[in-house]
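Values in this text are rule-based calculations from the coordinates and carry no lab data. Quantities reported herein were computed from a predicted structural model and do not represent experimental measurements. Backbone-built Cβ (ideal geometry, glycine too); neighbour counts: all protein chains shown.
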Amino acid sequence: MANLVSRQEQRSEETKASILRAAGLLFSMKGYDAVTMREIAKEAGCSHTTIYIYFKDKEALLQQLSLPPLQSLSDRVNQLTAQNEEQAKILEDLSLAFIDFCFTHRNLYQLFFNVKAGRVDEPAPEMEINRTRNELFGQLSTTVQGALRLDAQDRRLLSCSRIYFFMLHGIISTYAHSEETAEELLARLTPTFRSAFRATLRGLAEAISNDSIEL
């Protein structure tokens, strides 16, 4: 009896994994909104009724696919921010880690960060994935704050953090369809990326000193 239960559990886990793989493949190829649960079930080799045993809807699939890698990135960022380094250096290392993550997961980058996304300054998002996304943004914002020597309550901090965030996403979008691996891109372009980080930070510092950051 125990062996039977074990085999059933194994088959169940295999089916769930197949559904997640199929969803990831179809989302990366066609986009989240264009894919149906029936298509995912067909790609996974199960019936369109079976898929609902494991996932109630596409949103559940989105969260199951995205949360583990995003939480892993958050853990990595926490390790970086805990280092005894200058905040500007930590910001550069954090930025490179973020870019590396997005290059590595470039087929699902849009899914991880943009699908069903809410406001980065929303205090308590309903969806767990948006809580994790906002935690990542908060980690970035805290480091930007330290690098720019802003007070945590300074209203300009959110604008500065968004501007820096836009810069990172601009870099990632530029190479979203590159045939080079993440390792190849970073080996070739890290000096340029670091220059972009520093130029953005200098520009923000100058805008703060000139009181030209619009809220």
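Summary of computed values
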| quantity | calculated |
| --- | --- |
| Spatial separation of Cα centroids for segment 36-72 and segment 153-208, in angstrom | 33 |
| Table column - 3J(HN,Hα) (Hz), segment 123-133, Karplus curve with 6.51, -1.76, 1.60, x for Gly and Pro | x, 9, x, 6, 7, 4, 4, 6, 5, 5, 4 |
| Sorted by Cβ density within 10 Å, fewest first, the residues HIS177, HIS48 | HIS177, HIS48 |
| Proximal aspartates and glutamates to LYS16, defined as alpha-carbon separation beneath 17 angstrom and excluding residues fewer than eight positions away on the same chain | GLU39, GLU43, ASP57, GLU59 |
| Extension gain (nm, one decimal) between LYS116 and GLN83, 0.36 nm per residue minus Cα-Cα | 8.6 nm |
| Using θ = phi - 60° and Karplus 6.51 cos²θ - 1.76 cosθ + 1.60, couplings along segment 185-199 (whole Hz; Gly, Pro as x) | 5, 5, 5, 7, 10, 3, x, 5, 4, 4, 5, 5, 4, 5, 5 |
